[in-house]
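The values are calculated or read from the model by the stated rules, or taken from the named source; none is laboratory data. For clarity, every value in this text was computed on a predicted model and none was experimentally measured. Here the Cβ positions follow ideal geometry from the backbone for every residue, glycine too, while neighbour counts run over all protein chains shown. Heavy atoms of the whole protein, side chains included, go into the accessibility calculation; ligands, DNA and RNA do not. Shrake-Rupley method; radii C 1.70, N 1.55, O 1.52, S 1.80 Å.
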Amino acid sequence: MNILKAGSAYFALIFSFGFILGTIRVLAIIPRIGEFAATLLELPLILTASWFVSGWLIKRLQIAPDTGSRFLMGAAAFGITMIAEPLLGLSFGRPLAEQWTALLRPAGLAGLAGQALFGLMPWIRLQTIDLRAEG
């Protein structure tokens, strides 16, 4: 149960942060430097936040230091994101076909890669700092 709770909280916190950054990216940054460059500028911020938020939730909710638990936490967050993203697009009047097509452009592929890393972050932490801290 803690794994789903952690995955849901991880999604909610990072999605909220991403919504704020995305609004700034779309309204202020894309017009100045273009969609792909703006996406590349945003990715390190989101991934850094993902690193710290996933670590905080792992500790706070006592997620076991094993591959399965960490992978499932990230998979839950990633799965919710894959549902929430198109729903958010629809709420802004962007048809699903347009959203799927956008994923095939460089900015879309970079964003999708970032979302995959976001989903893997709890597992990545296990492979790096968290495992060393327990040893």
Residue identified as among the β-branched types (Val, Ile, Thr) and surrounded by 16 or more Cβ atoms within 10 Å (Cβ to Cβ) among 46, 24, 20, 33: 46
Residues being of a type in the set (Ser, Thr, Tyr) and at pLDDT 95 or above: count how many of those fall in the range 97-134. 1
When you go through (1) at pLDDT below 95; (2) closer than 21 Å to residue 128 by Cβ one by one for residue 14, which number turns out not to apply? (1)
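Scan the range 96-105 and tell me whether some residue there is in contact (Cβ under 8 Å) with a residue 24 or more places away in the chain and in a helix (DSSP H, G or I).
No, the range 96-105 has no match at all.
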Condition met for residue 110 (in a helix (DSSP H, G or I), touching a Ser or Thr at 6+ places or on another chain (Cβ under 6 Å) and of a type in the set (A, V, I, L, M)): yes
Counting just the residues of the range 61-74 that are open to solvent by 40 Å² or more (accessible area, probe 1.4 Å) and either at pLDDT 95 or above or in contact with a strand residue (DSSP E or B) (Cβ under 9 Å, 6 or more places away or on another chain) (or both), which one comes out nearest to residue 6 (Cα to Cα)? 72
